[in-house]
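Accompanying notes for the structure given below.
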Amino acid sequence: VEADAGDADLCAALDATKGAVFYLSSDDSNSMASPAIARRLLNSGQQVPAYILRTYEFLNYYNVGYPAADAGKLSIVSELAAGDTAGSYDLQIGVASPAATKPRRPMVLTFVLDTSGSMGGEPIELQRDAVLAIAGQLRTGDIVSMVTWNTAQQVMLDSHLATGPGDAKVVALAKGLSASGGTDLHGGLSKGYALAQKSFDPSKLNRVVLISDGMANVGITQEKIIGDGAALNDGDGIYLVGVGVGAGVNDTLMNTVTDAGRGAYVYLDAAGEAKKMFGKRFDETMDIAARSVGVELRLPWYMGIQKFYGEEYSTNPEVIEPQHLAPDDAMVFNQVVAPCAASAFDGSDPVEVVVRWQLPTGHAKQETSAKTTLGALLGTPPKYLGKAKAIIAYAEALKKPATAAQELGKAKQLASAANPSGTDPELNEIAALIDKALKIY
């Protein structure tokens, strides 16, 4: 009786004449550092600090499998299944972008490369791998600048016109990189952004690629340089791609500067990762398919969000910053929802997702929506939810050492259930990392 009274009180506090509306954010779709840092630490036998574990970046990094949308469009896939606790439901929304346009737009690319003493050894080698991988994706006519920084800055290239993939000048400079001296991040960024603004062209991809172990402190001045660059030309902007390298990477700094720069944050834990992120996943890391994507979730009045695995959500759209979506990619919004009382649930009630965005050039506003019912969603076997739940369970388990062993075991079961044939390389990787984690936690 007490439980029923509590449910009734919960429902009575809601307005049954208005649907529940939530605004969702998953961070820019190409921020993907967290799982690579976690992998490095687990491979070296270390626990992963909880502050590094951003679950939405795991959903960005691992491909849940949504098919590409039609050119110029975004697609919406909604799935619903019974949750892990009685009366709860797992609701997942995928917002997928189109495949990358081939050939891609011309690029204005500025490397800002940390050559300070702390970069000696593996970090400078990984930096070299990253620059060489990006050089392999250059097209004839791309404009490339490069500044190295330690205690001072040195302009290595200024508005160089690339000859094509593997441009000889860029490759030679990459191979000659070496580490020494102190760290002046501010000076390096100032010089890099000055070069980037000199060649800025709103019809092209404008990117600053900052590669560093992050062994510097970022202040308001640096954030302003980066933020002002991102806001250029009403947001066509110079977007910052932050590339973390080295065992001691300052994750907080790199996450801060890439948030300000509205671009990707990736971490390289091996040479192969440089080839993957700037080879196979080059467009996903460097390009934008849809600007300022806003996602609105409309549920029946009695439904609420119990857990949200994105970056943030709110009933107030003003506090949720729209995010960019890369090509060949998807934003994945996974949440646990529940009615205020089980008796309020009605399968005929509507569920609607509205997505608003701007085209990457010209800023023309776009909107699409998908409307269905709770019953229709529950009656359709989910196709993408299983893999996402395994990814989430793996990330969440690592956050709490006290319960990690038990929760990692559950995550391993979910990874196996989502990969019955054993042919998904990402779920195989997660299962192997869980085995390593179980020896550490």
Per the filter on region 157-181, residues surrounded by 12 or more Cβ atoms within 10 Å (Cβ to Cβ), of a type in the set (A, V, I, L, M, F, W, C) and over 14 Å from D114 (Cα atoms) are L157, A162, V170, V171
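Test A130 against the criterion of being in contact with a strand residue (DSSP E or B) (Cβ under 7 Å, 6 or more places away or on another chain), at pLDDT 95 or above, crowded, with 17+ Cβ neighbours inside 10 Å and of a type in the set (G, A, S), and give yes or no. Show your work before the answer.
Details: in contact with a strand residue (DSSP E or B) (Cβ under 7 Å, 6 or more places away or on another chain): yes; at pLDDT 95 or above: yes; crowded, with 17+ Cβ neighbours inside 10 Å: yes; of a type in the set (G, A, S): yes.
For A130, the condition - in contact with a strand residue (DSSP E or B) (Cβ under 7 Å, 6 or more places away or on another chain), at pLDDT 95 or above, crowded, with 17+ Cβ neighbours inside 10 Å and of a type in the set (G, A, S) - is met.
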Subset of region 42-68, residues open to solvent by 40 Å² or more (accessible area, probe 1.4 Å), at negative phi and of a type outside the set (S, T, N, Q), comes to P49, A50, Y51, P67, A68
When every residue in region 353-392 that is among the small types (G, A, S) and assigned to a strand (DSSP E or B) is compared, the one most open to solvent (accessible area, probe 1.4 Å) is S369
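Working carefully through the options A99, A71, find the one that is within 24 Å of R291 (Cβ to Cβ), free of Cβ contacts under 8 Å to residues at least 60 places away in the same chain, open to solvent by 30 Å² or more (accessible area, probe 1.4 Å) and aliphatic (A, V, I, L, M). Talk me through it step by step, then tell me what you get.
On the way: A99 fails: free of Cβ contacts under 8 Å to residues at least 60 places away in the same chain.
Sole residue among the options that is within 24 Å of R291 (Cβ to Cβ), free of Cβ contacts under 8 Å to residues at least 60 places away in the same chain, open to solvent by 30 Å² or more (accessible area, probe 1.4 Å) and aliphatic (A, V, I, L, M): A71.
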Filter region 138-155 for residues that are aliphatic (A, V, I, L, M) and part of a loop (DSSP other than H, G, I, E, B); the one that is farthest from V112 (Cα to Cα) is L138
Here the residues within region 393-412 that are among the hydroxyl-bearing types (S, T, Y) and not in a helix (DSSP H, G or I) are T403
Of the candidates S145, S116, the one satisfying the condition of being hydroxyl-bearing (S, T, Y), open to solvent by less than 30 Å² (accessible area, probe 1.4 Å) and closer than 24 Å to P202 by Cβ is S145
The condition from (1) crowded, with 20+ Cβ neighbours inside 10 Å; (2) of a type in the set (A, V, I, L, M, F, W, C); (3) in contact with an Asp or Glu (Cβ under 9 Å, 6 or more places away or on another chain) that A404 misses is numbered (3)
Checked against (1) open to solvent by less than 10 Å² (accessible area, probe 1.4 Å); (2) under 21 Å from Y239 (Cβ atoms), L24 satisfies every condition except (2)
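The values are calculated or read from the model by the stated rules, or taken from the named source; none is laboratory data. This structure is a prediction, so every number in the text was calculated from the model and none was measured. Every residue, glycine as well, gets a Cβ built from its backbone with ideal geometry; the counts of neighbours run over all protein chains shown. Ligands, DNA and RNA are stripped out before the accessible areas are found, and what is left, the full protein with its side chains, is counted by its heavy atoms. Shrake-Rupley method; radii C 1.70, N 1.55, O 1.52, S 1.80 Å.
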